[in-house]
Amino acid sequence: MDMKVEVIICSGTLCYLMGGAELQLLSEHLPPALKDKVIVKGSPCVGFCDKPESGKPPFALINGRKIQQASVDKLISEIKQELGI
Ligand code: FES
């Protein structure tokens with residue numbers, strides 16, 4: 001089955017300033033084995049930054065699951081987990 005993982009990266013101001021800028025480059029950092037299995041999208045503020053209980057920015061969503069304090073490495077390992085590899 002051709003399963004794809006959808007990654008949404010928050011590019012709202014707070015997330016962007018708190019490290020989200022590097023996340024915008026996620027596609028370029030994906031290992032070759034993951035490249036065609038991942039869809040990366042940007043999004044305006046995903047609505048977590050004004051809720052302290054949501055965790056710390058930058059935020060991203062992987063198949064709808066919230067990732068806080070996202071980094072390129074963290075997203076890659078979450079993507080692998082999602083794909084079961
Ligand atoms: S700016 Fe990212 S959740 Fe609001």
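Quick note: the coordinates plus some simple rules give every number you see, no bench work behind them. What you see is a predicted model, and the numbers here were worked out from it, not measured in a lab. Here the Cβ is made from the backbone with ideal geometry for all residues, glycine too, and neighbour counts use every protein chain on show.
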ask   = What is the spread of the Cα atoms of the chain along each of their three principal axes, largest first, in whole Å?
value = 38, 22, 18
message = For a quick check of your reading of the filter: which trypsin sites (Lys or Arg not before Pro) in the stretch 3-85 sit in a DSSP loop and have no more than 15 other Cβ atoms within 10 Å?
response = 4
query = Against the longest alpha carbon principal axis of the chain, how many degrees, from 0 to 90 and to the nearest 10, is the axis of helix 72-83 turned?
reply = 50 degrees
request  = Would you compute, from DSSP H runs of 4+ residues alone, the mean residue ellipticity of the chain at 222 nm, taking -39500 (n - 2.57) per run and dividing by the full residue count, rounded to the nearest 500?
outcome  = -5500 deg cm²/dmol
remark   = In the chain the DSSP beta bridges are antiparallel at a rate, in percent to nearest 5, of 50 percent
